[in-house]
Every structure is written in C-alpha cells, then in structure tokens.
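Please read the structure below before turning to the comments.
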Amino acid sequence: MDNYGSLLRKALVEQHKIIFDYNNKKVRDEFCEYINCPVCNSSKQTTAFTKDWFNFSKCSACGMIYVNPRLNDKATYQFYNSEWTRIYNEKKFGTNTNSSEVDDKINYSNLRLINEYKLGKGALLEVGIGKGFFLKQASDAGYTVYGVELNKNNCESAIQLLGSSDHVYNMDLFETGFKAESFDVIYMRDVLEHVPNPKKLVAEFNRIAKKGCIIFIEVPNIDGWIYKLVKERHVCNFAFEHINYWSPKTLTTILTSCGFTVKNIYHESLDFKIAHILPHFIETNYSSVNYYKAPVIISFMIKVISKAFSLPPLNMVDYLLSFIANRLKRGSVIRVIAIK
C-alpha cells in the first residue's frame with residue numbers, strides 16, 4: 001500500500017473506533033439508524049454480505065442492496081468532515097492529479113452523450129459538483145449552468161473555475177427554492193449511492209424538471225461482474241459513504257416510480273480487467289478497516305501476472321473482457337438516461 005493508501009486507512013481506523021462498539025461489533029446506538037428499503041420501503045430483507053462489521057442488506061421485494069443499519073446524520077456529518085475525507089478529496093479533486101484528469105474525460109464523454117438526446121441548450125443543473133469541472137464544460141458548450149454542492153471548499157473552487165458565484169449553491173437541493181419546471185438537464189454523477197432518501201430526491205428532480213428534461217445519473221453497478229468477483233474487497237463497497245448499491249433494475253424502478261421514462265442504460269467497465277482485478281487479492285485497499293496482505297510469493301506472482309496483462313499482446317484480453325461485460329450488461333458502472 002502506498003503512502004496515500006496508508007494515510008487513508010489510518011484515518012479510517014480512527015473513525016471506525018469512534019463509531020463502532022468493539023465489544024459487540026456493531027455501530028454504537030448514538031450513531032445508528034435502521035431503515036426499510038430506500039426504493040420500495042419493504043421491511044423484508046436478507047444479508048447480501050458484510051464488511052468492517054457493516055451489514056449490507058438485500059431487499060426481498062425489489063432486490064435493492066443497501067446498508068442497514070447505517071450511520072445516522074450525526075455520524076455521517078462527522079465522517080464527511082473527517083481527516084479521511086480531507087485526504088481523499090485532495091487526491092480526487094486536485095487539479096494536477098491523474099484522478100482529476102480521468103474525471104474530466106468521463107464528464108466530457110457524459111456531456112457528449114447528453115447532447116445526443118438534448119437538441120438545443122438550456123438550463124442545466126448538476127447535483128454534487130465536485131470542483132466544478134463538468135459545469136465549466138457545460139457552460140463552455142452553451143448551457144446556463146446551476147450547481148448544488150454541500151462541501152464549501154468544492155463550491156469555492158467551482159466558483160473560481162467558472163469565474164462567477166452566480167447559480168452555485170452551497171446547500172442542500174431542497175433549500176435552494178428552485179421553481180417547478182426550471183431545468184432542461186439534470187446531471188448527477190457518483191452521488192445517488194450517498195443519498196439517505198433517494199426517492200425523495202428523485203421526486204424533487206421531477207418537480208423542478210421541465211417536460212422533456214433529460215436526467216443523467218451515473219453510479220456503480222452492483223450487478224457488475226467486477227463486484228461478483230472481488231466482492232467486499234472493491235473500493236466502492238464502502239458503507240461509511242456508499243449506503244445505496246444500485247443495479248439497472250433498481251435504478252429503473254425508482255426513476256419510473258417518480259415519473260421518468262428510462263431511455264437507455266450504458267455500461268462501462270474500466271476496471272473489469274485482469275490487470276485490475278488481481279491486485280484486489282494482494283492487500284486490502286483503503287476502504288477497509290480489516291487489513292490483509294498476501295504472502296510475499298503470492299503477492300509477487302499476482303504482480304507479475306497483472307503486469308503481463310497490462311502490456312501487449314495480453315492486454316487485448318483485458319479489452320475483450322471489458323467489451324463482453326458491457327455487451328452482456330454487467331459493466332462496473334452504469335450511466336442512465338431518462339426523460340420526464
């Protein structure tokens with residue numbers, strides 16, 4: 001594990017000790033809340049898997065996977081303002097990092113996809129704007145952009161990038177007072193997995209969306225093959241932040257129930273490659289408290305094989321695996337286009 005990973009894991013362990021009762025291996029009562037399914041409100045559930053003493057439930061009615069019990073508002077606020085979050089955000093949203101470059105490329109690709117469905121520009125709202133990279137791209141493309149973001153530092157960075165504080169809101173969406181039928185496009189990437197009450201949020205999208213509004217949602221796909229293989233080892237299986245685990249079925253269900261029609265679901269498998277899968281079995285990543293490191297000989301063999309599959313000609317096998325996963329609708333990420 002590199003220094004970045006080590007710092008994150010150390011900060012995560014500190015948060016885990018605050019939140020959990022180590023004698024009973026469960027969330028302390030003052031930080032805990034039990035819920036029904038966030039999609040269909042069913043109370044019937046089974047355990048899909050566990051990680052770091054968190055229970056990941058599967059709804060017996062609709063198949064939604066969600067953390068239950070989960071952290072309450074007090075514990076969630078504490079975590080989002082913790083040292084772990086500070087370190088993570090500096091890496092992900094730093095303007096000169098590989099991570100931010102990848103984010104830029106994905107957002108640009110998403111904007112082009114939106115433009116295939118939206119003839120003409122209009123008012124575009126992004127919920128969870130990060131540092132504002134997507135909003136800047138959309139503004140440059142001719143949209144009138146609006147952004148909602150809870151993190152104050154991210155808002156300040158976005159305002160600097162956009163050159164204006166107009167239409168950037170450092171508050172919850174429900175506090176903005178947007179009028180009904182205000183937006184032509186609503187964009188949300190890597191956010192819905194964090195939202196405590198997703199159905200309420202999607203219903204609000206319907207209220208503020210114009211007739212014909214495009215809604216674009218990107219989330220990890222719990223039905224993706226990568227999750228079937230590496231299971232709880234995957235960095236996205238992270239109950240401190242990710243409380244909802246979406247699939248094409250459950251995301252379609254919640255959108256349809258709130259008045260949207262799903263037009264298409266796109267699958268992307270950036271990490272469904274042997275060169276990316278095998279390292280999960282070398283050591284635990286920074287999203288887990290329980291650390292594991294494979295024996296030296298096994299670790300060495302995995303690294304050699306992973307390296308081989310990252311180079312020609314074996315890297316073609318990885319491209320083929322991703323292609324097959326996407327074609328068979330088992331991508332690690334789903335991008336959903338829906339219309340009001």
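Which residues, counting only those in segment 120-137, are among the hydrophobic types (A, V, I, L, M, F, W, C) and under 17 Å from A338 (Cβ atoms)?
Scanning segment 120-137 gives L124, L125, V127.
Is it the case, given these coordinates, that E283 is under 25 Å from V304 (Cα atoms), touching a residue at least 12 places away in the same chain (Cβ under 8 Å), surrounded by fewer than 21 Cβ atoms within 10 Å (Cβ to Cβ) and among the acidic types (D, E)?
Here the answer is yes, as E283 does meet what is asked.
Scan segment 50-79 for residues that are without any contact (Cβ under 8 Å) to a residue 40 or more places away in the chain and surrounded by fewer than 17 Cβ atoms within 10 Å (Cβ to Cβ) and jot them down.
Passing the criteria: S60, A61, Y77.
Which residues, taken from segment 164-175, are assigned to a loop (DSSP other than H, G, I, E, B) and either at pLDDT below 90 or of a type in the set (A, V, I, L, M) (or both)?
Result: S164, S165, D166, M171.
Spot the failing condition for T256; the list is (1) under 22 Å from the mean Cα position of the chain (by Cα); (2) assigned to a helix (DSSP H, G or I); (3) touching a residue at least 12 places away in the same chain (Cβ under 8 Å), and only one is missed.
With respect to (1) under 22 Å from the mean Cα position of the chain (by Cα); (2) assigned to a helix (DSSP H, G or I); (3) touching a residue at least 12 places away in the same chain (Cβ under 8 Å), T256 is out only on (3).
Looking at (1) in contact with a strand residue (DSSP E or B) (Cβ under 8 Å, 6 or more places away or on another chain); (2) under 30 Å from I87 (Cβ atoms); (3) outside any helix (DSSP H, G or I); (4) of a type in the set (D, E, K, R), which one does D184 not meet, given that it meets all the others?
Only one criterion is unmet by D184, namely (2).
Here is a list of conditions, (1) part of a helix (DSSP H, G or I); (2) on the phi > 0 side of the Ramachandran plot, and Q137 meets all of them except one; can you say which number that is?
For Q137, the failing item is (2).
Would you mind finding the one in V230, V219, V202, V195 that is assigned to a strand (DSSP E or B) and touching a helix residue (DSSP H, G or I) at 6+ places or on another chain (Cβ under 8 Å)?
That would be V219, the only listed residue that is assigned to a strand (DSSP E or B) and touching a helix residue (DSSP H, G or I) at 6+ places or on another chain (Cβ under 8 Å).
The values are calculated or read from the model by the stated rules, or taken from the named source; none is laboratory data. Given the structure is predicted, the values throughout are model-derived calculations rather than measurements. So basically every Cβ, Gly included, is an ideal-geometry build from the backbone, and we count neighbours across all protein chains shown.
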